[in-house]
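The values are calculated or read from the model by the stated rules, or taken from the named source; none is laboratory data. From a predicted model like this one, the values you see are computed outputs, not experimental measurements. Cβ coordinates were reconstructed from backbone atoms using ideal geometry, including for glycine residues, and neighbour counts include every protein chain displayed. Please note that ligands, DNA and RNA were not included when accessible areas were found on the heavy atoms of the full protein model with its side chains. Shrake-Rupley method; radii C 1.70, N 1.55, O 1.52, S 1.80 Å.
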Amino acid sequence: MEGVVCLISISVDRIVPALYLMDENESYSFAQIRKANNEDLLPLQPPKKEGVKGKKRKQEEKQFKVEKKNIIDSVYIGQPTGMKSVSVVMLKKIHVIKSDSIIKQIATVPDEDFKKCLLQHKEIKRTNDLHQQLHKIKKKYS
């Protein structure tokens with residue numbers, strides 16, 4: 001069931017598309033999918049150089065900082081067949097559900113995109129675990 005996009009029911013009145021990630025005992029782990037916006041489609045731009053004139057000075061070049069948008073919690077998957085628009089998998093919105101909450105399968109994501117999602121999910125999970133351990137240690141020694 002790797003790389004399968006399904007419609008899942010996360011509450012009584014809410015149905016969302018989600019990418020299957022893994023089995024956890026008798027439940028399944030899904031990452032919610034949303035429509036991609038313009039920021040997700042455009043590549044990161046390098047910092048811009050602009051000239052600034054000063055009084056009785058030569059023109060100086062100042063480099064303005066452009067904050068890089070680190071997208072660590074989402075993966076762009078394009079528009080797999082069966083989806084209505086280009087999509088992004090939100091790896092911080094994980095839903096653990098039983099098999100009866102799966103409504104139907106709507107699309108399949110390419111293997112390389114699925115592997116990216118899985119690796120990113122494991123990295124986020126590892127970072128969160130380390131963060132919780134850090135809080136426990138700080139609480140213990142303060």
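Per-structure values
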read-out	value
Per residue accessible area of the stretch 1-40, 1.4 Å probe, in Å²	55
Accessible surface of Lys98 - all protein chains present, 1.4 Å probe, nearest 10 Å²	110
Accessible-area order (highest first, 1.4 angstrom probe) of the listed residues His135, His121, His95	His135, His95, His121
Residue-span extension gain [Lys115 to Asn25] - 0.36 nm each, minus C-alpha spacing	30.3 nm
Solvent accessible area, Å² - Arg126, 1.4 Å probe, full protein context	130
Solvent-accessible surface ranking, highest first, for Tyr20, Tyr76, Tyr28, Tyr141 at 1.4 angstrom	Tyr141, Tyr76, Tyr28, Tyr20
Nearest-10 value in Å² for the accessible area of Thr81, using the 1.4 Å probe	120
Net length gained if the chain between Thr127 and Met90 were fully extended (0.36 nm per residue, minus Cα distance)	11.7 nm
Solvent-accessible heavy-atom area per residue, rounded to whole Å², over the stretch 94-142 at 1.4 Å	83
Residue-span extension gain [Lys35 to Val12] - 0.36 nm each, minus C-alpha spacing	6.0 nm
FRET efficiency, Lys139 to Ile103 (Cβ-Cβ, R0 41 Å, nearest 0.05)	0.45
